[in-house]
Amino acid sequence: MKADLSRWTFDHLKGYARVLQQQGRPQVDADWNEQVSILLYRLHMLSRDLIGPFGGPSDACGFEITSIEGEPHNFDIGRGRYYVDGWLVENPAKVRFSEQPLTAHGSPIETGKHYLVYLDVWESVISAADDRLLIEPAFGGLESALRTRVAWQVRTHEIQADNDADFVFNNWNRFVENWQPSRRGELRARIAPAAEERLPEQSLIASARGYRGLENQLYRVEIHYGGAGTGGHDGATFKWSRDNGAVMLRLMNVRDNVLTFDRLDAAGAGTLMPGNWLEESAAGASHPATRRGSLIHVVGRGPGPNQVTIDPSTMQTALDPQRPNGVWLRRWDQRALQINRGGAPMRDGTITITEGQGQAGWIALEHGVEVQFSPGATYRPGDYWLIPARIGDQGRLLWPGDRDGSRALPPLGSNHGYAPLATVEFTTRARRKQSCRRQFKLLATTAI
């Protein structure tokens, strides 16, 4: 959830039934969000327990795959509803594979080959970058609450010619493991031991062992390039933000190595500083695991009040501020390794993952916050962890374990649901061999 949150407290393993507000106590966003998450989790589990991992109502079962004459590498996706891992997924109108709302990058089709066509579902955060109606003019253009949306893509996975629907169902867990590995990496977070001071310039505002930031923060550690944590050029990388990746700026103009924004400091003084990295926001607009590129490096403020100077060699793709809904850039705060100031080796603006255990392999973020990736994992782009850091109580992390935080945790997301739709052979047209959709009948029937 890339949003301006204080922290994320929902944990289904605790078995909480509801959140109770008490009189005279402060209202915090975490309580409201946890209450909604409790109810949503129970609805998901009820749907999954009754329907199974996937299925659609017999009178409105959606996502039927049908061929299109004259288009050998394309097919139609039928309208209707389908449930995937408890999520209700809706396709309001028949649409072609090549024209679906979220283009399926990384799903090539070749003539003469056989494919499993499947549905990929996840929860996507929607902000003003995606829907301008979330901005309230009466509040001076303030964006208050965000939304989340059930995003979906129909994708393809090559299979053998003799792989039928029974093969798909019998080996479904293996397919899912290929797309979403069960061993997806674990992270530890802690405050650096006093003997390993990394940021002495902040040591006067807190004890030597405490979090030394000037403000309470919600650090976000997010996988950028997936793969293994080998530390090499082709290994996995991550990026981090002290504001949960919530700082986004609307790009107004690009000229040479100068970017002009709309109200650069709208999120507070120093919204962008030299050393920051910018990434084009793709929230709600693409598959989180298939579109990753280099980040843009900010090297200076100005020359104008709403402008920054960038390293032009880091801007690999052109940005068109005139496109519908404009271009929004998200700020990230990682930096390259600097003596006595933290940081780590980088690739394309992101930090290379070197795994470790015990006292080895800890990576400094800032203000004493360190993270460690457990060995032997497969990392997937978009997976993330949240680390609440508080200046109270002499500075601490709200992380399971001891005071400094030590427990290894799996990522909070992004979690996907999958459902097989059909086995298809692509020749002069897409020939559906077998449907893999499952249907359930309605409980109520017409009384006689």
- Assess whether TYR418 counts as being among the hydroxyl-bearing types (Ser, Thr, Tyr), out of contact with any Lys or Arg (no Cβ under 8 Å at 6 or more places or on another chain), surrounded by 15 or more Cβ atoms within 10 Å (Cβ to Cβ) and at pLDDT 90 or above. yes
- Note on the structure: Going through (1) surrounded by 21 or more Cβ atoms within 10 Å (Cβ to Cβ); (2) among the small types (Gly, Ala, Ser); (3) assigned to a loop (DSSP other than H, G, I, E, B) one by one, ALA389 fails only at (3)
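Results for (1) in contact (Cβ under 8 Å) with a residue 24 or more places away in the chain; (2) crowded, with 21+ Cβ neighbours inside 10 Å; (3) in contact with a strand residue (DSSP E or B) (Cβ under 9 Å, 6 or more places away or on another chain); (4) within 13 Å of ALA228 (Cα to Cα), shown as yes or no for each residue.
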site: ILE363; (1), (2), (3), (4): no, yes, yes, no
site: HIS367; (1), (2), (3), (4): yes, yes, yes, no
site: GLN372; (1), (2), (3), (4): yes, yes, yes, no
site: ARG396; (1), (2), (3), (4): yes, no, yes, no
- Across region 209-228, what is the number of residues that are within 13 Å of PRO411 (Cβ to Cβ) and of a type in the set (Gly, Ala, Ser)? 1
- Query: What is the number of the single condition among (1) over 28 Å from ARG184 (Cα atoms); (2) of a type in the set (D, E, K, R); (3) assigned to a strand (DSSP E or B) that GLU370 does not meet?
  - Reply: (1)
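Looking only at region 107-128, count how many residues are of a type outside the set (A, V, I, L, M, F, W, C) and in contact with a helix residue (DSSP H, G or I) (Cβ under 8 Å, 6 or more places away or on another chain).
Of the residues in region 107-128, 3 are of a type outside the set (A, V, I, L, M, F, W, C) and in contact with a helix residue (DSSP H, G or I) (Cβ under 8 Å, 6 or more places away or on another chain).
Mind checking which residues of region 126-183 are part of a helix (DSSP H, G or I) and polar (S, T, N, Q)? Write out each step before concluding.
Here is the first cut: in region 126-183, the residues part of a helix (DSSP H, G or I) are 132-134, 137-139, 165-170, 172-179.
Listed by number, the residues that qualify are ASN170, ASN173, ASN178.
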- Taking the residues in region 256-277 that are farther than 22 Å from HIS367 by Cβ and modelled with pLDDT of 90 or more as candidates, determine which candidate is surrounded by the fewest Cβ atoms within 10 Å (Cβ to Cβ). ASN257
- Any hit, region 136-144, residues being of a type in the set (S, T, N, Q) and surrounded by 16 or more Cβ atoms within 10 Å (Cβ to Cβ): no
- Restricting to strands (runs of 3 or more DSSP E) lying wholly in region 74-125: which have 3 or more residues that are buried (at least 16 other Cβ atoms within 10 Å of the Cβ) and under 26 Å from the mean Cα position of the chain (by Cα)? 80-84, 87-91
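Pull up region 1-55, narrow it to residues that are aromatic (Phe, Trp, Tyr), assigned to a loop (DSSP other than H, G, I, E, B) and free of Cβ contacts under 8 Å to residues at least 60 places away in the same chain, then point me to the one that is farthest from VAL221 (Cα to Cα).
Step one: of region 1-55, the residues aromatic (Phe, Trp, Tyr) are 8, 10, 16, 32, 41, 54.
Filter again for assigned to a loop (DSSP other than H, G, I, E, B), leaving 8, 10, 16.
Among the residues that remain, those that are also free of Cβ contacts under 8 Å to residues at least 60 places away in the same chain are: 10, 16.
On the way: PHE10: 18, TYR16: 26 Å.
For region 1-55, the residue satisfying everything is TYR16.
Kindly indicate which of SER47, SER6 is among the hydroxyl-bearing types (Ser, Thr, Tyr) and within 17 Å of LEU412 (Cα to Cα). Full working, then the answer.
Values: SER47 fails: within 17 Å of LEU412 (Cα to Cα).
Result of the check over SER47, SER6: SER6.
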- region 67-99: number of residues that are modelled with pLDDT of 95 or more and among the polar types (S, T, N, Q): 1
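The values are calculated or read from the model by the stated rules, or taken from the named source; none is laboratory data. A quick note: this is a predicted structure, and the numbers were derived from the prediction, not measured. Positions of Cβ are generated from backbone atoms using ideal geometry, with glycine treated the same way; all protein chains shown enter the neighbour counts.
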